[in-house]
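Written below as structure tokens is the structure these notes are about.
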Amino acid sequence: MTAPQVTPPAIDELEAQERRLVLPHFTYDDAWALGTLLVELARERGAPVAIDIRRGGQQLFHAALPGSTPDNDAWIDRKRRVVERYHCSSYLVGSRFRAKGTTFEDSSRLDPDVYAAHGGAFPIAVEGAGVVGTVVVSGLPQVEDHALVVSALERFVAA
């Protein structure tokens, strides 16, 4: 089964996702549940992705599905750093630069070997605490990486 066709979301939609997808808490068990949900969704779609979930500086979950490569882990690190720096999704950061008629790489003054404002990294925000971690997917086109993370978070929040 393949992923559904994904339309790039507008900036206001990306911002609304972040306001909506705030968790009441985020524990080790929550990281496991979210990670296994992402693995399940990726397998249903035949998505060759790597998945990473962190709270603070600690990696709580990592999985590499068939077809993913070590390069996906490098992308995970670069996209995660964007979320850690800006406290919003890597796709939103890149979209804001594109809306200004430029690119993250040309205008952020950050090293593109260290930071990547490409879709797939999303902040884990907790009510009353703010951003406490990240969930990242790499292996698909950026809008699909982003959509996979959002889909999993929506299901996780609704559970």
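Compare Phe61, Phe156 by solvent-accessible area with a 1.4 Å probe and give them largest first, with all protein chains kept in place.
Details: Phe61 15, Phe156 40 Å².
Per-residue accessible area, sorted high to low, gives Phe156, Phe61.
For Asp111 and Arg155, calculate 0.36 nm times their separation in residues minus their Cα-Cα distance, and state this gained length in nm to one decimal. Could the numbers behind the result be given before it?
On the way: separation 44, 0.36 × 44 = 15.84 nm, distance 3.44 nm.
Taking 0.36 nm per residue and subtracting the Cα distance, the gain is 12.4 nm.
Please compute the contact order of the chain in relative form: average sequence separation of alpha-carbon pairs under 8 Å and at least six residues apart, divided by the residue count, as a percent. Each step should come with its number before you reach the end.
Working: 291 pairs, mean separation 44.7, N = 159.
Relative contact order here is 28 percent.
Skip the ligands, DNA and RNA, and give the accessible area per residue of the chain with a 1.4 Å probe, whole Å². Walk me through the numbers on the way to the answer.
On the way: 7790 Å² over 159 residues.
Here the residues of the chain average 49 Å² of exposed surface.
Given R₀ = 22 Å, FRET efficiency for Glu13-Arg43 by Cβ-Cβ distance, to 0.05? The partial results should precede the final answer.
Working: r = 27 Å, r/R0 = 1.22.
Calculated transfer efficiency: 0.25.
Say R0 is 25 Å: what FRET efficiency, to the nearest 0.05, do Phe97 and Asp73 get from their beta-carbon distance? Display every interim value, and only then the final one.
Values: r = 24 Å, r/R0 = 0.97.
The pair Phe97/Asp73 has a calculated efficiency of 0.55.
Using the charge dipole of the stretch 1-141 (Lys, Arg: +1 at Cβ; Asp, Glu: -1 at Cβ; taken about the Cα centre), state which of Tyr86, Ala50, Ala74 has its Cα farthest towards the positive end.
Checking the options against the dipole of the stretch 1-141, the answer is Tyr86.
Projected area of the chain, taken from the Cα convex hull and averaged over every viewing direction, in nm²?
Numbers: hull surface 35.4 nm².
Dividing the Cα hull surface by four gives the mean projection, 8.8 nm².
Quick one: what are the phi-derived ³J(HN,Hα) couplings along the stretch 8-14, Karplus 6.51/-1.76/1.60 with θ = phi - 60°, whole Hz, x for glycine and proline?
x, x, 6, 4, 5, 5, 4
Given a 1.4 Å probe and every protein chain left where it sits, what share in percent of the accessible area of the stretch 21-159 is carbon and sulfur? It would help to have the intermediate numbers written out before the result.
Working: 3120 of 6230 Å².
Carbon and sulfur: 50 percent of the exposed surface of the stretch 21-159.
About its Cα centre, how strong a charge dipole does the stretch 1-73 have in debye, to the nearest 20, once Lys and Arg get +1 and Asp and Glu get -1 at the Cβ? All intermediate terms of the calculation are to be shown ahead of the outcome.
Details: 6 positive and 11 negative charges, 24 e Å.
Once rounded to the nearest 20, the dipole reads 120 debye.
Given R₀ = 25 Å, what would the calculated FRET efficiency be for His62 paired with Ala129, taking r from the Cβ atoms and rounding to 0.05? Working shown, then result.
Details: r = 23 Å, r/R0 = 0.93.
The value I calculate is 0.60.
The values are calculated or read from the model by the stated rules, or taken from the named source; none is laboratory data. Worth saying up front: this structure is predicted, and the values here are computed from it rather than measured. Cβ: placed from backbone, ideal geometry, glycine included. Neighbour counts: every protein chain shown. Ligands, DNA and RNA are excluded from the accessible area calculation, which covers all protein heavy atoms including side chains. Shrake-Rupley method; radii C 1.70, N 1.55, O 1.52, S 1.80 Å.
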